[in-house]
Amino acid sequence: MANTSTRTLRLLSLLQTHRYWPGAELAERLGVSARTLRRDVDRLRELGYPVQAQRGVDGGYQLAAGAALPPLVIDDEEAVALAVGLQAAAQNPVEGIAESSVRVLAKVVQVMPVRLRRRIDALRAMTVTAGWADQARAGVDPGVLTTIALACRDNERLRFSYTAADGRHTARHTEPHRLVSLGRRWYLVAYDLERHDWRSFRADRLSAPHGTGARFRPRPLPTADAAEFVRTGLDALPRPYQVEVLVQAPAEAVRERIGRWSTVEEIDAGQCRVRMTVDSLEWPIMALGVLDADFHVLTPPELRDQLRTWGARFTRAVPPENHPADVDMAWDGPSGQ
C-alpha cells in the first residue's frame, strides 16, 4: 500500500477524472478498505477539497464546487496544454486577461518538471505570433511542433520530409529559425542548406522532423522578423482576385477592424476605399460583413455575384413577420427526427 500522502494525491487525481465514483470501486482502485478510504476523504476535506459523499449500498464520492479553488492535480499532457493555452491567453486583448494569464503561467512553469519545462520553453520562445485574428489552426501533430521548436531553440539542424502544393515530396535539410503562427496555419522559417536560401514551410505539410545533432551559428534573416518573412512570401503567391470596395465608414474605424488583411485608403471623413488580394472570395465577404457599414463593390464582378447568392440565402433564412414558418415550423435536425 502506498504511503498516506501519495495515496491521498492519487485519490484526488481519481476524483478529478470522474464526476462520480462508487465507493467500492474507488477503494479497489486505491487498494484500501472502505474505512481507510473514508479517512483519506476526510483528509482531503481538511485541505479544502469539497468531497461529497452519498450513503447507502450504492454510495460513493464526488468533488463539488467549493467556496475557493483548491490545488488541482494534472498529468503531463494536461500541463503542457495548460501552459500553451495560458500563453495564448496572455496575448488576448480582453482587459484583465493577459496580466492574470502571465502570473498563472509563471506559477505553472516554475513548478514543472524539467522534461516538461523544456517542451513549454521551446514552444513559447520559438513561436512568433504574427497577429492575424483567426485562431483556427490547420491540423498539426503537437509532437511535430515540439520537435521543431526544440531545434529552433537549440540551433540544431533539422531534417524532415515536405509535401509541396503540387504534391511533390522532397527531403529537406535546414537550419530552423522560428515557428510562426499565422492565420489558420503554422509555418517554419528556416535556411535550406541544399537550396542555399531562406524558406518558409507549412507545418501541416511537414512530416518526420528530427534533429541531426549538428549545431549551427544563426544567420541573419533577410527581413525584420520571421512573421514578416512569412507574410512577404504569401503576398508573392499568385492570387486570382483583386478586390476593391468603397465603404461608407471612416478609414480609421475600418483599419481597426480589417486593416491587417487589407489596404485602407481614406476618401473623406466618412468614406474609404478598401483593397484586398485574395485567393478566395469568402474572406472578403466575411470581413465586409463585420464592418457594420454600407459598401459598394467595384471589383471583381465575381464578388458581386457571390454577395447576391449569400444575400438571397440569408434572406430565405429569416421569413417575414407573421409567416407560418415562425409558428408552425421547428428545426428538427438534418434527419427531421
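The values are calculated or read from the model by the stated rules, or taken from the named source; none is laboratory data. Worth saying up front: this structure is predicted, and the values here are computed from it rather than measured. Neighbour counts run over all protein chains shown; Cβ positions are idealised from the backbone, glycine included. Accessible surface is based on the protein model in full, side chains and every heavy atom, while ligands, DNA and RNA are left aside. Shrake-Rupley method; radii C 1.70, N 1.55, O 1.52, S 1.80 Å.
Taking the stretch 54-95 as the search range and keeping residues that are surrounded by 14 or more Cβ atoms within 10 Å (Cβ to Cβ) and of a type in the set (S, T, N, Q), which one is modelled with the highest pLDDT?
By that ranking, first place goes to Gln62.
Counting only residues that are open to solvent by less than 80 Å² (accessible area, probe 1.4 Å) and modelled with pLDDT of 90 or more, how many does the stretch 305-327 have?
6
Checking Glu244 against (1) over 30 Å from Leu150 (Cβ atoms); (2) over 29 Å from the mean Cα position of the chain (by Cα); (3) open to solvent by 50 Å² or more (accessible area, probe 1.4 Å); (4) of a type in the set (Asp, Glu), only one condition comes out false. Which one?
Every condition holds for Glu244 apart from (3).
Among the numbered conditions (1) open to solvent by 40 Å² or more (accessible area, probe 1.4 Å); (2) assigned to a loop (DSSP other than H, G, I, E, B); (3) at pLDDT 90 or above, tell me where Arg159 comes up short.
If we test Arg159 against (1) open to solvent by 40 Å² or more (accessible area, probe 1.4 Å); (2) assigned to a loop (DSSP other than H, G, I, E, B); (3) at pLDDT 90 or above, just (2) comes out false.
Is it the case that the stretch 35-53 has a residue that's out of contact with any strand residue (DSSP E or B) (no Cβ under 7 Å at 6 or more places or on another chain), modelled with pLDDT of 75 or more, of a type in the set (A, V, I, L, M, F, W, C) and farther than 30 Å from Thr146 by Cβ?
Yes: the stretch 35-53 contains one or more residues that are out of contact with any strand residue (DSSP E or B) (no Cβ under 7 Å at 6 or more places or on another chain), modelled with pLDDT of 75 or more, of a type in the set (A, V, I, L, M, F, W, C) and farther than 30 Å from Thr146 by Cβ.
Residue pairs, Cβ under 9 Å, 6 or more apart or interchain, first in the stretch 38-64 and on the phi > 0 side of the Ramachandran plot, second open to solvent by less than 60 Å² (accessible area, probe 1.4 Å) and modelled with pLDDT under 85. List them.
From residues that are on the phi > 0 side of the Ramachandran plot, the pairs are Gly48/Gly66; Gly48/Pro70.
Out of all the residues in the stretch 270-282, is one or more part of a strand (DSSP E or B), touching a residue at least 24 places away in the same chain (Cβ under 8 Å), open to solvent by 40 Å² or more (accessible area, probe 1.4 Å) and under 18 Å from Asp235 (Cβ atoms)?
Within the stretch 270-282, one or more residues are part of a strand (DSSP E or B), touching a residue at least 24 places away in the same chain (Cβ under 8 Å), open to solvent by 40 Å² or more (accessible area, probe 1.4 Å) and under 18 Å from Asp235 (Cβ atoms).
Take the stretch 213-229 and flag every residue that is in a loop (DSSP other than H, G, I, E, B), in contact (Cβ under 8 Å) with a residue 40 or more places away in the chain and hydrophobic (A, V, I, L, M, F, W, C). Steps first, please.
So in the stretch 213-229, the residues in a loop (DSSP other than H, G, I, E, B) come out as 216-225.
Those still in the list that are in contact (Cβ under 8 Å) with a residue 40 or more places away in the chain too: 216-219, 221, 225.
Of everything in the stretch 213-229, those that are in a loop (DSSP other than H, G, I, E, B), in contact (Cβ under 8 Å) with a residue 40 or more places away in the chain and hydrophobic (A, V, I, L, M, F, W, C) turn out to be Phe216, Leu221.
Suppose we filter Glu256, Glu194 for residues that are within 24 Å of Leu298 (Cα to Cα), open to solvent by 60 Å² or more (accessible area, probe 1.4 Å) and of a type outside the set (S, T, N, Q); which single one remains?
None of the others qualify; the one that does is Glu256.
Name every residue in the stretch 167-191 that is open to solvent by less than 40 Å² (accessible area, probe 1.4 Å) and closer than 18 Å to Gly213 by Cα, in order of residue number. Steps first, answer last, please.
Initial filter on the stretch 167-191 (open to solvent by less than 40 Å² (accessible area, probe 1.4 Å)): 167, 170, 172-176, 179-183, 187-191.
Scanning the stretch 167-191 gives Arg172, His173, Thr174, Glu175, Pro176, Ala190, Tyr191.
Would you be able to tell me the number of residues in the stretch 20-29 that are within 40 Å of the chain's Cα centre (by Cα) and either farther than 14 Å from Arg7 by Cβ or in contact (Cβ under 8 Å) with a residue 24 or more places away in the chain (or both)? So that I can check it myself, show each step before the final result.
Within the stretch 20-29, the first condition is being within 40 Å of the chain's Cα centre (by Cα), and the residues that meet it are 20-23, 25-29.
Next cut, either farther than 14 Å from Arg7 by Cβ or in contact (Cβ under 8 Å) with a residue 24 or more places away in the chain (or both) only: 20-23, 25-26.
Going through the stretch 20-29 one residue at a time, the tally reaches 6.
Can you name every residue in the stretch 187-218 that is within 20 Å of Ala122 (Cβ to Cβ) and charged (D, E, K, R)?
Hits for the stretch 187-218 are Arg202, Asp204, Arg215, Arg217.
Pairs under 9 Å by beta carbon, first residue in contact (Cβ under 8 Å) with a residue 24 or more places away in the chain in the stretch 143-170, partner part of a loop (DSSP other than H, G, I, E, B) and aliphatic (A, V, I, L, M), six or more apart or different chains?
Close Cβ pairs (under 9 Å, with a partner that is part of a loop (DSSP other than H, G, I, E, B) and aliphatic (A, V, I, L, M)) amount to Ile148/Met126; Ala149/Met126; Leu150/Met126; Ala151/Met126; Cys152/Met126; Arg153/Met126; Arg157/Leu193.
Against the condition modelled with pLDDT under 80, out of contact with any His (no Cβ under 7 Å at 6 or more places or on another chain), open to solvent by less than 40 Å² (accessible area, probe 1.4 Å) and not β-branched (Val, Ile, Thr), how does Ala164 come out, does it pass?
Considered against the rule, which asks whether it is modelled with pLDDT under 80, out of contact with any His (no Cβ under 7 Å at 6 or more places or on another chain), open to solvent by less than 40 Å² (accessible area, probe 1.4 Å) and not β-branched (Val, Ile, Thr), Ala164 comes out as no.
Any residue in the stretch 223-241 that is at pLDDT 95 or above, surrounded by 12 or more Cβ atoms within 10 Å (Cβ to Cβ) and of a type in the set (D, E, K, R)?
Initially, the stretch 223-241 is screened for residues at pLDDT 95 or above, giving none.
Looking for residues that are at pLDDT 95 or above, surrounded by 12 or more Cβ atoms within 10 Å (Cβ to Cβ) and of a type in the set (D, E, K, R), one finds none in the stretch 223-241, hence no.
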